[in-house]
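A quick write-up on the structure given underneath.
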Amino acid sequence: MAELFVEAWAPEYGNPFEADVDLADPDKIDDTVEIEGVWEPIPGVDDGVATVAFVDGVRRVDARLTIDEPTGPIPGICGTYAVGAACWHRQVPRTDIERVRVERLAVFGHGAVAPVPVAGPQISYRSESVSGTDPEELVQRFHGAMRRAEAVLSETLAQEGCFVVADGPINDLSATEKVGFIKTHRAPYLSAERIPVVASLRRGQRTPLFLIGRDGAFPRYSWYQRLADLPGGHSWTGVVRAEVSSHLDLATARRIADRTTAVLPLVASEPQVEPRAPQNLVPIAALERRLRRHMGDPLLINRALRSAVARQRRAVGVSP
Amino acid sequence: MDEVPANRVGPGAGVGRVLGTEHTTTSGFRVVLNDDDYLQLDDLVVVRTEVPKVGEVRTYGVVTESEAIYEGAQYESDTHRIAGEGILPAAKVRSARVAVTRVDPEIWVSPDPGEVVERAAGEERRKALYVDEMGRPLPIGMGRDGEPVYVDLDFFDGRKGGHMSISGISGVATKTSFALFFLRLLSGRPDILGEGAANLRVLVFNVKGEDLLWLDKPNRFFDAEAAHIWERLEVPAHPFPSVSFWAPPRPSSGDVVVPDTGGRQEGVAAFTWTPREFIDEGLLRFLFTDSDDTRNQIPFIEERVRAQLSRFAVDVEGSPGAVVLRDPSEGHRPGERVIPHRGEPVITDLRSMVDAISRFVDPEDGSEPDQKWAGRVQMGTVSAFVRRLHAAVSRVGHLVRAGESRRIDRTRHQVTVVAIQSLHDLGQRFVVGALLAETFVEKETTGQRLPLSVVVLDELNKYAPRDGTSSLKDMLIDIAQRGRSLGVLLVGAQQTASRVAQEVMENASIKVAGRLDAAEAERAEYGWMLPSTRARARLLKPGTMVLSQPSIPVPLVVEFPFPPWATRKEEVDERGEDPFAGL
């Protein structure tokens with residue numbers, strides 16, 4: 001009978017083991033790009049990379065909006081997202097939070113756009129619209145804006161010579177040294193005979209590379225690696241998946257994979273201080289905390305918005 | 001939207017900004033420091049706040065604590081991640097706590113968060129320390145910033161307040177050194193002391209060692225650094241220019257009167273009182289200063305005997321200062337000199353006086369005491385009284401002798417040092433009592449505040465203890481309460497303020513403390529200190545004092561320089577000249 005485990009992750013974060021069906025199509029996976037024969041764990045190699053930039057973003061819906069049209073109410077949301085980088089200067093050693101950008105965005109359905117009144121210094125929303133009315137679609141648009149901002153920042157930093165580790169799958173597949181770092185396992189990408197090698201990984205080891213999304217729009221090299229050997233964990237505890245653009249040549253991809261496998265365990269979090277240990281990396285957790293602070297106090301913003309809208313209504317003579 | 005600046009605080013105006021994550025108040029606030037600056041304890045700062053309807057209000061303050069933390073660290077182990085591995089981003093945030101000293105104009109509002117905090121320098125510093133409002137600011141030492149700290153003399157010399165109280169542990173608190181330093185400033189800055197400087201008289205008791213017997217000698221360890229500070233204080237770095245030294249005579253020196261001092265004989269005069277002076281000034285009361293003495297009826301009989309002595313005493317022809325006791329009913333006139341009858345006991349010292357008193361109150365033939373002398377007190381009380389008198393003979397007997405007057409002449413020099421360290425406790429209290437009474441009576445008679453008379457008394461707890469009563473304690477309380485208007489100013493020092501009579505402590509306008517015992521520092525007597533000052537008072541170095549004065553609401557820390565006068569024989573510069581005269 002299979003063994004049962006309680007995940008160390010706090011329940012509100014969801015299960016780190018979730019299915020991602022899209023990319024897991026066996027036809028689009030090539031698990032022979034690096035090793036054709038029997039897979040063995042590969043130890044990582046720390047090449048002493050000087051600066052590692054961890055890129056991440058956070059978002060928050062500040063308020064739900066409604067445009068009261070004669071034809072019926074049009075839903076909208078307004079929210080704030082922030083992106084930035086935690087740059088780990090390994091020689092110093094010190095990590096600095098850099099390039100923080102805060103953006104406020106309102107998204108309306110039905111293709112409608114209404115200006116959101118300025119609610120205070122640094123509380124002004126840009127308005128966009130989507131054609132549908134599904135609230136999920138509004139949030140998706142908002143989320144996409146944040147992901148794009150993350151991608152732009154990652155690419156900028158990579159071009160400046162940083163080794164970029166982005167939280168989540170990579171969107172921009174240009175041939176720069178960016179690694180996407182996926183904490184949750186949505187689907188087993190590997191075939192039944194390859195899978196057991198993941199369980200046999202020790203801290204600082206990885207699987208051989210495999211190509212996913214072959215022949216598709218977003219092909220990339222990927223691998224599994226273990227961040228920490230946590231006592232009492234199941235065979236996949238502490239395992240993350242990482243990916244790089246397949247526009248990089250294979251040798252470079254292997255070098256980056258080796259480096260990532262060696263370096264990320266150094267910044268893995270510990271279960272006593274982090275509910276998503278070890279996957280939530282220490283610099284990324286700190287970056288998220290900082291970004292949330294830069295977004296401003298949600299209660300304060302919500303009140304400021306209500307006041308601004310009320311002021312506007314009074315100004316145009318609409319009774320409350 | 002623009003990029004948000006990086007996580008560290010860059011250089012900016014001033015030294016930092018008023019912290020905005022907690023409430024600022026009119027009593028204090030915190031400052032977040034710029035990366036490229038610092039504030040240390042006792043630094044003075046100023047913040048400008050724009051107040052609606054009022055305009056700019058400046059808040060002045062003094063730094064009472066300095067703090068630093070990693071912002072972004074949530075767990076103690078994060079410190080390793082930040083400083084050791086460098087994988088956790090964090091900002092080192094340094095801050096300082098400020099106690100408000102002044103708000104100008106007096107609109108009592110708290111400073112705005114985020115306002116720039118600047119060091120108070122020049123005129124701003126003077127304002128922070130209320131120097132601009134002081135009647136007569138006297139630099140009383142240096143602040144940590146190397147600039148003078150001032151005390152308002154109006155609160156010392158009786159105009160608005162009087163007296164100074166100095167507390168601290170023996171040996172490290174440098175109480176006496178500070179008192180003398182202060183005296184030197186008083187005598188060295190007539191320009192500030194003003195009218196009180198003329199004929200200023202200082203009475204200093206040397207109660208331990210012989211530290212004060214070298215005030216007129218240069219100190220050979222005095223260096224250029226100290227000289228520089230004296231220069232900043234604008235006081236000549238010389239020993240006291242006008243000092244006289246007095247000591248009791250050696251107890252068994254026979255007819256030759258030799259001062260009872262160890263290291264120094266030259267320039268020290270022996271002092272005694274004649275029986276006539278003893279009786280006229282009622283010094284008998286200072287033989288009963290032990291607090292035990294007041295628990296029975298001894299004061300009653302002492303008072304009676306004192307009165308009778310002064311009625312009965314008649315001068316003796318050919319023996320200055322000696323007296324015989326004759327009943328006033330025999331009809332002698334004041335100032336009359338008589339030739340003693342054959343066999344009539346002549347009082348030439350304390351022993352013969354005690355014998356004469358005994359004849360009235362406790363006759364040897366066992367007959368009843370003379371009720372005019374002993375009153376109706378019980379025999380036991382009379383015996384106790386006589387027993388104490390006899391004890392006094394062996395302890396202070398050598399201080400009373402007929403012959404030429406050797407009383408202390410306080411007018412001869414500006415500073416009069418009276419060395420009583422060789423005397424028994426009883427003798428010390430006797431001398432202190434006698435001299436204080438003399439000083440006080442003198443001023444009471446004139447009723448004038450000027451010229452000022454300053455008295456420096458260490459171990460005040462011995463003379464004015466919190467518990468019990470004695471004529472000496474009563475007098476010290478009297479001085480504390482009325483001395484201010486009569487120009488008698490007490491500079492009292494004690495290890496523990498909690499053991500000194502409350503009335504004496506309460507009347508001291510200027511309070512000073514050196515290093516304090518940890519338990520002592522927590523007592524109510526030190527309520528004038530801030531909690532942070534109190535914690536620091538346990539660590540103060542010799543030469544550093546905490547000073548409180550009515551014109552500044554927070555205590556200040558001052559450092560006073562090494563003295564140019566010697567405090568031990570070994571320190572005396574034998575060359576006799578000031579090696580830094582040219583500096």
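The values are calculated or read from the model by the stated rules, or taken from the named source; none is laboratory data. Because the structure is a prediction, the values reported are computed rather than measured. Here Cβ is always computed from backbone atoms with ideal geometry, including for glycine, and neighbour counts include all displayed protein chains.
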Segments classed as strands (runs of 3 or more DSSP E), wholly inside segment A:181-281, with at least 2 members that are under 17 Å from the mean Cα position of the chain (by Cα) and within 25 Å of residue A:147 (Cα to Cα): A:220-226, A:239-245
Considering residues of segment A:266-292 that are within 12 Å of chain B (Cβ to nearest Cβ), out of contact with any Leu (no Cβ under 8 Å at 6 or more places or on another chain) and modelled with pLDDT of 90 or more only, the residue surrounded by the most Cβ atoms within 10 Å (Cβ to Cβ): A:287
Residue among A:206, A:214 that alone is in contact with a Ser or Thr (Cβ under 9 Å, 6 or more places away or on another chain), over 30 Å from residue A:82 (Cα atoms) and at pLDDT 90 or above: A:206
Strands (runs of 3 or more DSSP E) enclosed by segment B:172-288 - at least 2 residues per element that are more than 24 Å from the chain's Cα centre (by Cα): B:268-270
Filtered residues of segment B:297-335 (kept if touching a strand residue (DSSP E or B) at 6+ places or on another chain (Cβ under 6 Å) and not small (Gly, Ala, Ser)): B:312, B:314, B:315, B:316, B:317, B:323, B:324, B:326, B:332
Looking only at segment A:88-124, and only at residues there that are farther than 30 Å from residue A:310 by Cα and assigned to a loop (DSSP other than H, G, I, E, B), the one that is nearest to the other protein chains (Cβ to nearest Cβ): A:93
Positions within segment B:123-143 being assigned to a loop (DSSP other than H, G, I, E, B) and either over 21 Å from residue B:237 (Cα atoms) or free of Cβ contacts under 8 Å to residues at least 12 places away in the same chain (or both), in sequence order: B:129, B:130, B:134, B:135, B:136
Residue A:211 in contact (Cβ under 8 Å) with a residue 60 or more places away in the chain and more than 14 Å from chain B (Cβ to nearest Cβ): yes
Lone qualifier among A:85, A:149, A:145 - being hydrophobic (A, V, I, L, M, F, W, C) and more than 11 Å from chain B (Cβ to nearest Cβ): A:145
Residues within segment B:124-179 that are touching a helix residue (DSSP H, G or I) at 6+ places or on another chain (Cβ under 9 Å), under 23 Å from residue B:484 (Cα atoms) and not aliphatic (A, V, I, L, M), tallied: 18
Residue A:43 vs. criteria touching a strand residue (DSSP E or B) at 6+ places or on another chain (Cβ under 9 Å), away from chain B (no Cβ under 12 Å) and of a type outside the set (A, V, I, L, M, F, W, C): yes
Close pairs from segment B:462-480: first among the hydrophobic types (A, V, I, L, M, F, W, C), partner at pLDDT below 85 and buried (at least 18 other Cβ atoms within 10 Å of the Cβ), Cβ under 9 Å, at least 6 apart: B:464/B:470; B:472/B:289
Subset of segment B:65-107 [away from chain A (no Cβ under 14 Å) and assigned to a loop (DSSP other than H, G, I, E, B)]: B:105, B:106, B:107
Of all residues in segment B:37-64 being part of a loop (DSSP other than H, G, I, E, B) and under 11 Å from residue B:97 (Cα atoms), the one that is farthest from the chain's Cα centre (by Cα): B:39
Checking residue A:263 against (1) closer than 19 Å to residue A:44 by Cα; (2) β-branched (Val, Ile, Thr); (3) away from chain B (no Cβ under 11 Å), the condition it does not meet: (3)
Residue count for segment B:161-219, restricted to those that are of a type in the set (A, V, I, L, M) and without any contact (Cβ under 8 Å) to a residue 24 or more places away in the chain: 1
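Residues checked against (1) surrounded by 15 or more Cβ atoms within 10 Å (Cβ to Cβ); (2) in a loop (DSSP other than H, G, I, E, B); (3) not hydrophobic (A, V, I, L, M, F, W, C):
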position	(1), (2), (3)
B:357	yes, no, no
B:367	no, yes, yes
B:381	yes, no, yes
B:394	no, no, yes
B:403	yes, yes, yes
Segment A:66-82 - residue that is surrounded by fewer than 22 Cβ atoms within 10 Å (Cβ to Cβ) and hydrophobic (A, V, I, L, M, F, W, C) and, of those, farthest from the other protein chains (Cβ to nearest Cβ): A:74
Yes/no for residue A:174 being in a loop (DSSP other than H, G, I, E, B), more than 23 Å from the chain's Cα centre (by Cα) and in contact (Cβ under 8 Å) with a residue 12 or more places away in the chain: no
Neighbours by Cβ (under 7 Å, 6+ apart or cross-chain): first from segment B:84-102, among the basic types (Lys, Arg); second assigned to a helix (DSSP H, G or I): B:102/B:127; B:102/B:128
